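Nothing in this text is a laboratory measurement; each read-out follows from the coordinates by a stated rule. Since this is a predicted model, take the numbers as computed values, not measurements. Glycine gets a Cβ as well: all are built from the backbone with ideal geometry, and neighbour counts include every protein chain shown.
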Amino acid sequence: MKKEKTWLTRKKRPIVIAGPCSAESEEQVLQTAHRLKKTEKVDIYRAGIWKPRTRPNSFEGVGVVGLPWLKKVKEETGFPVTAEVAKASHVENCLQFEIDILWIGARTTVNPFAVQEIADALKGVDIPILVKNPINPDLSLWLGGIERLEKAGIQEIGGIHRGFSNLGEKFYRNRPQWQIALEFKRLRPDLPLLNDPSHICGRRDILQEVGQKAMDLDFDGLMIESHIDPDNAWSDAKQQITPEVLGRMITEMQLREDYEDVAPLQSELEYLRAEINHIDDELLNLLSNRMNIARQIGLYKKNNNMTILQQKRWNDIIDKSKKQAKGKELSEEFILRFISAIHDESINQQEKIFRE
Ligand code: PEP
Ligand code: MN
């Protein structure tokens, strides 16, 4: 008989998973759980038992001794509980202590051997499992991890978008790159997708806005780290919030609907959408004309033995675009991305002419 899908259904939105980054002591785990319970905003309790840390001298989790604490959380609060697994022995330990849901962390999703080992350890077991995106912005790797679990027979799977590491990123701890999450939603509309603002932000002050953005992008839920004494947490101290702050955060979230089936609401938008479509058509025509000229320039460069990249010209284009962006309500970051994408395609087209 197929098990009723319970924990990750889309009926309730947002599904909220909360709890400390790491289980530290029985008292901390239980106190956090009781205070989260009191907020009435949390559905599932999380705590990291084994912590995949970047540097070896950080706290690497309490290990198996923490699993009975989670079992106690279940008994005392009724929360289903979830913990991160990174290898077969973690899976076995979690099953032994009746952990309800497993999650695979970003540093594990990145490694197909590790995901396969977890999938193999789960053959014949039907437990819900959440798969965080890999640390690198590779959607196939994320989807591939999920497919490995599906092949092992896991019925209930969800994704967690926790951002992507990026050299030089300062604002976020992990860049959200929302487009990757949206592409995940487009390709796997059958799977719930949660957002983890804690690991995206790496700090408290922007958690609310990132969580809200996820709600406005129609995510199904949120995983947020919460600690009774955030500043003194043994891991990820800067991004954790108290249960009460978390409760307020969820209360203050604006929950909107997509109303895709409500014809009158949709038809009001038709006029503006027609304008957008028209502008998109024009943009594509302009781009096609621009590439045509780029190819003519490519031929000229080839005939005159000139390099494709003319550094001074490219610097001028960047400067000009940045200046123009200012008066047009376009962010400099977007303009640079946009003009760089066009430039990249021009280079490819010229390169093709060089090879002919
Ligand atoms: C975590 O949830 O505490 C964690 C380690 O997350 P991630 O795998 O996203 O880094
Ligand atoms: Mn963490």
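Below is a table of values for the structure above.
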{"quantity": "The stretch 314-356 versus the stretch 100-142: alpha-carbon centroid distance in Å", "calculated": "38 Å"}
{"quantity": "Cross-link table Lys37/Lys123; Lys132/Lys352; Lys123/Lys185, entries beyond 31 Å C-alpha to C-alpha", "calculated": "Lys37/Lys123; Lys132/Lys352"}
{"quantity": "Rounded to the nearest 20 debye, dipole of the chain from Cβ charges on Lys, Arg, Asp, Glu", "calculated": "1100 debye"}
{"quantity": "FRET efficiency, 1/(1 + (r/R0)^6) with R0 25 Å, evaluated for Asp281 and Ile347 via beta carbons", "calculated": "0.50"}
{"quantity": "Binned Cα-Cα distance frequencies in the stretch 1-104 - 10 Å width, integer %", "calculated": "15, 47, 31, 7, 0"}
{"quantity": "Pairwise FRET efficiency - Phe334 versus Leu299, Cβ, R0 = 35 Å, nearest 0.05", "calculated": "0.65"}
{"quantity": "Signed unit charges on C-beta, dipole axis of the chain, positive-most listed residue His90, Asn232, Leu283", "calculated": "Leu283"}
{"quantity": "Relative contact order (%) - the stretch 263-355, alpha-carbon pairs under 8 angstrom, separation at least six", "calculated": "39 percent"}
{"quantity": "Gaussian network model of the chain, springs between alpha carbon atoms under 10 Å - residue of Ser89, Ser25, Ser346 with greatest fluctuation", "calculated": "Ser346"}
{"quantity": "All aspartates and glutamates inside 19 Å of Lys170 as judged from Cα atoms, apart from same-chain residues fewer than 8 positions distant", "calculated": "Asp196, Asp205, Glu209, Asp236, Glu332, Glu333"}
{"quantity": "For the chain, diffusion coefficient by Stokes-Einstein and Kirkwood Rh (Cα), 37 °C, 0.692 mPa s, µm²/s", "calculated": "143 µm²/s"}
{"quantity": "Per-bin percent of Cα-Cα distances, the stretch 263-355 [5 Å]", "calculated": "2, 12, 15, 18, 17, 12, 9, 6, 4, 3, 1, 0, 0"}
{"quantity": "Packing-based ranking, highest mean first, of 182-191, 263-272, 93-102 given that Cβ atoms within 10 Å are counted", "calculated": "93-102, 182-191, 263-272"}
{"quantity": "Most fluctuating residue given options Glu260, Glu209, Glu76, as computed from a GNM of the chain linking Cα atoms under 10 Å", "calculated": "Glu260"}
{"quantity": "Residue of Leu336, Leu149, Leu283 that the Gaussian network model of the chain assigns the largest fluctuation, springs spanning Cα pairs under 10 Å", "calculated": "Leu336"}
{"quantity": "Counting DSSP beta bridges with both ends in the chain, the antiparallel % (nearest 5)", "calculated": "5 percent"}
{"quantity": "Amide H contacts of Asn166 (H built 1.01 Å from N, under 5 Å, at least 5 apart or other chain)", "calculated": "Arg175"}
{"quantity": "From phi via Karplus (6.51, -1.76, 1.60), per-residue ³J(HN,Hα) for the stretch 172-177 in Hz, x at Gly/Pro", "calculated": "9, 6, 9, 4, x, 6"}
{"quantity": "The chain, relative contact order in percent, only Cα pairs under 8 angstrom and at least six apart counted", "calculated": "14 percent"}
{"quantity": "Amide proton proximity set for Ala83, modelled H, under 5 Å, gap of 5+", "calculated": "Ile101, Trp103"}
